[in-house]
């Protein structure tokens with residue numbers, strides 16, 4: 001039986017008034033800039049904005065004909081899947097383990113939360129130092145093991161580098177949510193399963209994990225958005241999108257064309273494309289994946 | 001309330017007293033960090049102490065592209081600085097933005113100051129001069145690519161440290177000897193587009209782009225996929241395969257590997273001299289940029305890098321007077337000679353060069369005159385410099401394609417052809433966006 005949860009207001013304007021502050025914020029900080037981006041994407045301007053022409057869809061058509069832009073879709077897809085997949089798996093593992101730690105649990109948790117305090121660009125630099133082909137400590141170890149690490153010329157190495165830095169930077173955030181999720185699962189459920197003879201592995205998959213799916217789903221959405229938007233600092237610091245265009249993810253190109261190359265129209269067109277992709281992905285996630293989530 | 005009134009009265013009093021000593025303050029945005037930042041501050045200080053009417057305030061705004069982005073945002077908001085330092089690849093963009101800038105010749109004329117562009121080194125002045133012959137910005141810090149080498153490493157490899165290789169075949173030979181003596185990075189390069197394609201073209205008296213490298217108009221197109229260019233890039237790719245040339249990344253990333261002693265030879269900016277002198281723990285030398293001896297006309301001259309100072313538009317008349325006075329101060333040969341000796345940037349006027357030579361600086365610091373000799377020559381139409389729109393993107397494209405070549409994914413010809421094709425699209429767009 002569905003219970004009627006709706007609150008009924010006597011005045012028609014009261015609910016509007018109550019949501020007004022929220023609406024204003026959304027309009028000013030989200031819809032207005034988004035509208036600006038769409039408007040900008042239809043223009044061609046010189047850098048200083050002294051001559052502006054309306055060019056319609058030309059900026060978009062140009063992207064469509066740019067092979068390297070189309071290739072960066074593949075790069076972005078690979079990067080996002082790797083970042084979200086690895087990030088979620090690793091942080092879930094860490095959370096499950098931290099949840100079982102009895103002694104000095106807070107100490108472990110604090111350590112695991114630290115990386116989140118590091119800005120993406122700094123994370124990129126830190127990992128770059130460790131893997132710098134000639135002076136990096138990790139690349140030195142790899143060379144001792146007979147592995148020639150060179151992310152300056154090997155696209156695979158470069159991709160691995162930015163994935164590691166991005167995952168490391170985001171792991172704390174995921175960890176916090178997973179840990180909170182795990183701790184909110186009633187102990188009695190797990191104990192009951194244990195009494196029924198379920199081992200730790202089985203208890204995790206049949207009791208804890210299903211109850212964690214809302215958290216996991218939320219984090220999946222957040223991580224995809226993170227990989228799409230917030231990683232350009234890491235890419236810029238670690239690889240500049242190279243070698244070639246092997247790590248030039250979409251958002252990096254938006255940043256480069258807009259802020260380095262001063263091509264505002266082209267950059268705006270790319271942000272609009274990116275916006276459409278992320279909206280589509282989020283809709284898909286809510287439509288299909290959410291159905292498998294137990295609240 | 002009383003306090004406020006008091007303060008207001010005081011303010012009014014000072015305002016009344018002020019006109020006699022009113023100083024016009026102007027903002028100068030620049031991109032010189034570290035030791036070079038101190039140099040810029042000293043330039044402003046020297047000017048401010050010399051006279052009382054004007055005050056220049058230098059503001060460090062990050063790297064060249066960052067300060068340009070900041071200035072563009074400021075211009076759109078109506079708060080642009082009076083003077084902006086712009087790197088050479090931004091020159092075409094600035095020239096095309098007629099509404100945003102005020103040509104230096106005009107600023108000087110209105111300021112009542114005699115200004116003769118002819119005193120500048122031709123390759124320097126020519127670069128900042130518009131097709132109609134008007135000088136648009138004031139040359140400030142100009143550099144050119146030279147060949148840096150580690151004398152200690154040369155000795156260890158059995159190469160005469162006083163005779164650096166001058167041709168590319170000699171570079172390959174020296175690199176092989178360095179490798180045989182156990183050197184992990186015999187040769188590397190900074191700014192690969194600038195050193196291996198742009199300067200390479202001028203040095204061999206061939207065009208990097210049509211229409212005299214963009215000097216004659218915006219309908220220029222790239223021309224660096226000739227057999228000579230392909231031969232050079234192929235040569236470097238082979239050296240890369242044999243471990244003689246080690247790629248160290250985009251921009252000036254390779255500079256640090258030379259200063260640390262990791263790489264023994266480097267083609268990079270002449271302005272690296274100051275840093276090498278201060279930080280390198282080995283004896284170093286500077287040679288001319290290598291060339292191919294069988295190419296007629298080589299070596300010609302190299303092209304400039306570095307930056308110039310632009311006066312932004314829409315300011316008050318007295319502020320332009322201040323800008324003119326400051327530019328006049330910077331044009332003083334004595335000031336320029338001191339700057340040249342301090343930084344390794346070029347002496348931008350022939351007189352500054354003469355003063356430095358007379359002082360015996362070049363004899364005491366061998367190699368510092370290499371950049372000057374490379375630049376102070378009669379230039380040809382193909383070697384005056386390279387001025388292209390969307391140059392930042394074109395350089396990024398060249399970086400991307402060259403990485404594919406060094407990594408063995410593309411042949412030299414494929415890489416250069418692709419870079420030309422993609423770069424030409426950028427030129428077409430620039431032409432379109434700026435035709436109005």
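The values are calculated or read from the model by the stated rules, or taken from the named source; none is laboratory data. It should be emphasised that the depicted structure is a prediction, and the values quoted were computed from it without experimental measurement. Positions of Cβ are generated from backbone atoms using ideal geometry, with glycine treated the same way; all protein chains shown enter the neighbour counts.
Within region A:176-216, which residues are touching a helix residue (DSSP H, G or I) at 6+ places or on another chain (Cβ under 6 Å) and closer than 24 Å to residue A:287 by Cα? Passing the criteria: A:177, A:178, A:181, A:212, A:215. Against the condition in contact with a helix residue (DSSP H, G or I) (Cβ under 7 Å, 6 or more places away or on another chain) and surrounded by 20 or more Cβ atoms within 10 Å (Cβ to Cβ), how does residue A:171 come out, does it pass? When the stated conditions are applied, residue A:171 passes them. Residue count for region B:133-163, restricted to those that are modelled with pLDDT of 90 or more, more than 30 Å from residue B:173 (Cα to Cα) and surrounded by fewer than 24 Cβ atoms within 10 Å (Cβ to Cβ): 3.
Looking for something surrounded by 15 or more Cβ atoms within 10 Å (Cβ to Cβ), free of Cβ contacts under 8 Å to residues at least 24 places away in the same chain and either within 14 Å of chain A (Cβ to nearest Cβ) or on the phi < 0 side of the Ramachandran plot (or both) - is there at least one such residue anywhere in region B:77-95? Before you say what the answer is, go through the steps one by one.
Here is the first cut: in region B:77-95, the ones surrounded by 15 or more Cβ atoms within 10 Å (Cβ to Cβ) are B:80-95.
In the following step, the residues that additionally are free of Cβ contacts under 8 Å to residues at least 24 places away in the same chain were identified as none.
Checked region B:77-95: no residue is surrounded by 15 or more Cβ atoms within 10 Å (Cβ to Cβ), free of Cβ contacts under 8 Å to residues at least 24 places away in the same chain and either within 14 Å of chain A (Cβ to nearest Cβ) or on the phi < 0 side of the Ramachandran plot (or both).
All of A:136, A:155 fail the test of being crowded, with 17+ Cβ neighbours inside 10 Å, within 22 Å of residue A:255 (Cα to Cα), within 14 Å of chain B (Cβ to nearest Cβ) and more than 20 Å from the chain's Cα centre (by Cα), apart from A:155.
Would you point out which residue out of A:229, A:209, A:217 is free of Cβ contacts under 8 Å to residues at least 24 places away in the same chain, part of a helix (DSSP H, G or I) and on the phi < 0 side of the Ramachandran plot? Walk me through it before giving the result.
Working: A:229 fails: free of Cβ contacts under 8 Å to residues at least 24 places away in the same chain; A:217 fails: free of Cβ contacts under 8 Å to residues at least 24 places away in the same chain.
Of the residues listed, the single one that is free of Cβ contacts under 8 Å to residues at least 24 places away in the same chain, part of a helix (DSSP H, G or I) and on the phi < 0 side of the Ramachandran plot is A:209.
For region B:355-395, a residue qualifies if it is within 14 Å of chain A (Cβ to nearest Cβ), part of a helix (DSSP H, G or I) and over 16 Å from the mean Cα position of the chain (by Cα), and the qualifying residues are B:393, B:394. Determine, yes or no, whether residue B:322 is surrounded by 23 or more Cβ atoms within 10 Å (Cβ to Cβ), touching a strand residue (DSSP E or B) at 6+ places or on another chain (Cβ under 6 Å), over 22 Å from residue B:36 (Cα atoms) and touching a residue at least 24 places away in the same chain (Cβ under 8 Å). The answer is yes for residue B:322.
When residue A:56 is tested against (1) on the phi < 0 side of the Ramachandran plot; (2) surrounded by fewer than 18 Cβ atoms within 10 Å (Cβ to Cβ); (3) outside any helix (DSSP H, G or I), exactly one condition is not met: (1). Considering (1) within 19 Å of the chain's Cα centre (by Cα); (2) closer than 12 Å to residue B:188 by Cβ; (3) touching a residue at least 24 places away in the same chain (Cβ under 8 Å), the lone condition that residue B:239 does not fulfil carries the number (1). Residues in region B:249-267 that are in contact with a helix residue (DSSP H, G or I) (Cβ under 8 Å, 6 or more places away or on another chain) and buried (at least 24 other Cβ atoms within 10 Å of the Cβ): B:250, B:258, B:263, B:264, B:265, B:266, B:267.
Set side by side, the residues A:253, A:245 differ, and just one is within 15 Å of residue A:73 (Cβ to Cβ), within 11 Å of chain B (Cβ to nearest Cβ) and in a helix (DSSP H, G or I), which is A:253. Tallying residues that are part of a helix (DSSP H, G or I) and at the interface with another protein chain (Cβ under 10 Å from one of its Cβ atoms) within region B:396-415 yields 11.
Within region B:97-104, is even one residue within 14 Å of another protein chain (Cβ to nearest Cβ), touching a residue at least 12 places away in the same chain (Cβ under 8 Å) and outside any loop (DSSP other than H, G, I, E, B)? Taking every residue of region B:97-104 in turn, at least one turns out to be within 14 Å of another protein chain (Cβ to nearest Cβ), touching a residue at least 12 places away in the same chain (Cβ under 8 Å) and outside any loop (DSSP other than H, G, I, E, B).
Quick one: is residue B:334 at pLDDT below 90, more than 14 Å from chain A (Cβ to nearest Cβ) and part of a helix (DSSP H, G or I)? Show your work before the answer.
Details: at pLDDT below 90: no; more than 14 Å from chain A (Cβ to nearest Cβ): yes; part of a helix (DSSP H, G or I): yes.
In short, no.
Among the residues of region B:364-386, the ones that are crowded, with 24+ Cβ neighbours inside 10 Å and under 18 Å from residue B:205 (Cβ atoms) come to 5 in all.
Can you confirm whether residue B:202 is over 20 Å from residue B:152 (Cα atoms), away from chain A (no Cβ under 14 Å) and modelled with pLDDT under 95? Yes, satisfied.
For region B:107-132, enumerate the residues that are in a helix (DSSP H, G or I) and either in contact (Cβ under 8 Å) with a residue 12 or more places away in the chain or surrounded by 23 or more Cβ atoms within 10 Å (Cβ to Cβ) (or both).
To start, the set of residues in region B:107-132 that are in a helix (DSSP H, G or I) comprises B:107-110, B:117-119, B:122-127.
Hits for region B:107-132 are B:107, B:108, B:110, B:117, B:119, B:122, B:123, B:124, B:125, B:126, B:127.
Residue count for region B:416-430 under the criterion of being within 11 Å of chain A (Cβ to nearest Cβ) and either in contact with a strand residue (DSSP E or B) (Cβ under 6 Å, 6 or more places away or on another chain) or more than 13 Å from residue B:222 (Cα to Cα) (or both): the result is 2. Take the conditions under 29 Å from the mean Cα position of the chain (by Cα), in contact (Cβ under 8 Å) with a residue 24 or more places away in the chain and within 22 Å of residue B:384 (Cβ to Cβ) and apply them to residue B:145. Does it pass? When the stated conditions are applied, residue B:145 passes them.
The residue that is farthest from the chain's Cα centre (by Cα), among those in region B:338-353 that are farther than 13 Å from residue B:271 by Cβ and part of a helix (DSSP H, G or I), is B:351. Scanning region B:235-254 for residues that are farther than 18 Å from residue B:410 by Cβ, more than 8 Å from every other protein chain (Cβ to nearest Cβ) and in contact with a strand residue (DSSP E or B) (Cβ under 6 Å, 6 or more places away or on another chain) yields B:244, B:246, B:254.
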